[in-house]
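Engineer: First the structure, which I've put down as structure tokens, then a few questions once you've had a look.
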Amino acid sequence: MIYILTFFLFVTSSLSAYTVGIIGDSISFPHPVSKEEGWPYLLEQKYNWHMVNASVGGSTTDTLMTRLVDLHDAHAPDMVIITLGICDAIYGFSFDRTSSNLRKAVLYCIKNKIQVIIGIVDISYLGWHGEEYSKNFKNIYYGLKVHYKHKLKLFPFMTYDVEENHCIEDHFHPNPSGHAIIADEISKMESYWLNK
């Protein structure tokens, strides 16, 4: 019993000193729900992380490296969760442009020994730019996994279902139940940071 209690206290203490940075757009900010309803806060409470949310509404992957370097210099995060790309699709970025921005961020994290998780942006349900664009855009993220393998983790970021009322009226931003789904998807990978 003493051993189990000691182990529990060790894990809790380790995670409480664990700093996680988030770089995303309005979905991760989160807008328009309250901070306490957003997926970053839900994970912070669940794992007792020190969470630094560097998300900015309307931002694209063009801003990723600047924010990542600033985040690293100011907070030295153990792990970074990147949820960018949706605004790239809105503006019709080329696949090479978004891919290059994400790859630079992954390489920076590897070089600085930062664990990195990236949300797969699936815009197929939105109907933007056609089915072929949506498919190729999603493949940007799978390409990262193929190239960097175990050095990063991917999770399905936009899995909240519009038909199941997980979005607000704009059919784009998640409501509190949608944010809970995102938090659950990330929690499925907890062995990634627990086994660091």
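The values are calculated or read from the model by the stated rules, or taken from the named source; none is laboratory data. Small disclaimer: the values here were computed from a predicted structure and weren't measured. As a convention, Cβ positions derive from the backbone with ideal geometry for all residues, glycine included, and neighbour counts pool all protein chains shown.
Engineer: Contact list please: Cβ distance under 8 Å, first residue in the stretch 156-169 and under 22 Å from Ser187 (Cα atoms) and at pLDDT 75 or above, second residue in a loop (DSSP other than H, G, I, E, B) and among the aromatic types (Phe, Trp, Tyr), pairs at least six apart or on different chains.
Structural biologist: Every condition considered, the pairs that remain are His166/Tyr160.
Engineer: A follow-up question, please. Given the options Ile86, Ile90, name the one that is under 15 Å from the mean Cα position of the chain (by Cα), at pLDDT below 95 and over 19 Å from Leu107 (Cβ atoms).
Structural biologist: On inspection, the qualifying residue turns out to be Ile86.
For (1) at pLDDT 95 or above; (2) in contact with a Cys (Cβ under 9 Å, 6 or more places away or on another chain); (3) not basic (Lys, Arg), each residue gets a yes or a no:
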residue: Ile2; (1), (2), (3): no, no, yes
residue: Val20; (1), (2), (3): yes, no, yes
residue: Ile23; (1), (2), (3): yes, no, yes
residue: Ser26; (1), (2), (3): no, yes, yes
residue: Pro40; (1), (2), (3): yes, no, yes
residue: Leu43; (1), (2), (3): yes, no, yes
residue: Lys46; (1), (2), (3): yes, no, no
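Engineer: Select, from Ser100, Ser94, Ser124, the only residue that is small (Gly, Ala, Ser) and under 23 Å from Phe29 (Cα atoms).
Structural biologist: Unique residue meeting the criteria: Ser124.
Engineer: While we're on this one: When only residues in the stretch 65-84 that are in contact with a helix residue (DSSP H, G or I) (Cβ under 9 Å, 6 or more places away or on another chain), among the aliphatic types (A, V, I, L, M) and in a helix (DSSP H, G or I) count, which is surrounded by the most Cβ atoms within 10 Å (Cβ to Cβ)?
Structural biologist: Leu68
Engineer: Let me ask another. So, in the stretch 102-154, how many residues would count as being of a type in the set (Val, Ile, Thr) and under 13 Å from Gly85 (Cα atoms)? Steps first, please.
Structural biologist: Start the filter on the stretch 102-154 by keeping residues that are of a type in the set (Val, Ile, Thr), which leaves 106, 110, 114, 116-118, 120-121, 123, 140, 146.
After this cut, where a residue has to be under 13 Å from Gly85 (Cα atoms) as well, the list is 118, 120-121, 123, 140.
Selection size over the stretch 102-154: 5.
Engineer: Would you check if Ile114 is over 22 Å from Arg67 (Cα atoms), buried (at least 16 other Cβ atoms within 10 Å of the Cβ), at pLDDT 90 or above and of a type in the set (Val, Ile, Thr)?
Structural biologist: Judged against the criteria, Ile114 is not a match.
Engineer: With the condition kept exactly as written, say whether any residue in the stretch 44-60 is touching a Ser or Thr at 6+ places or on another chain (Cβ under 9 Å), assigned to a helix (DSSP H, G or I) and free of Cβ contacts under 8 Å to residues at least 60 places away in the same chain.
Structural biologist: No: the stretch 44-60 contains no residue that is touching a Ser or Thr at 6+ places or on another chain (Cβ under 9 Å), assigned to a helix (DSSP H, G or I) and free of Cβ contacts under 8 Å to residues at least 60 places away in the same chain.
Engineer: Considering only the stretch 23-42, state which residues are in contact (Cβ under 8 Å) with a residue 12 or more places away in the chain and acidic (Asp, Glu).
Structural biologist: The answer is Asp25, Glu37.
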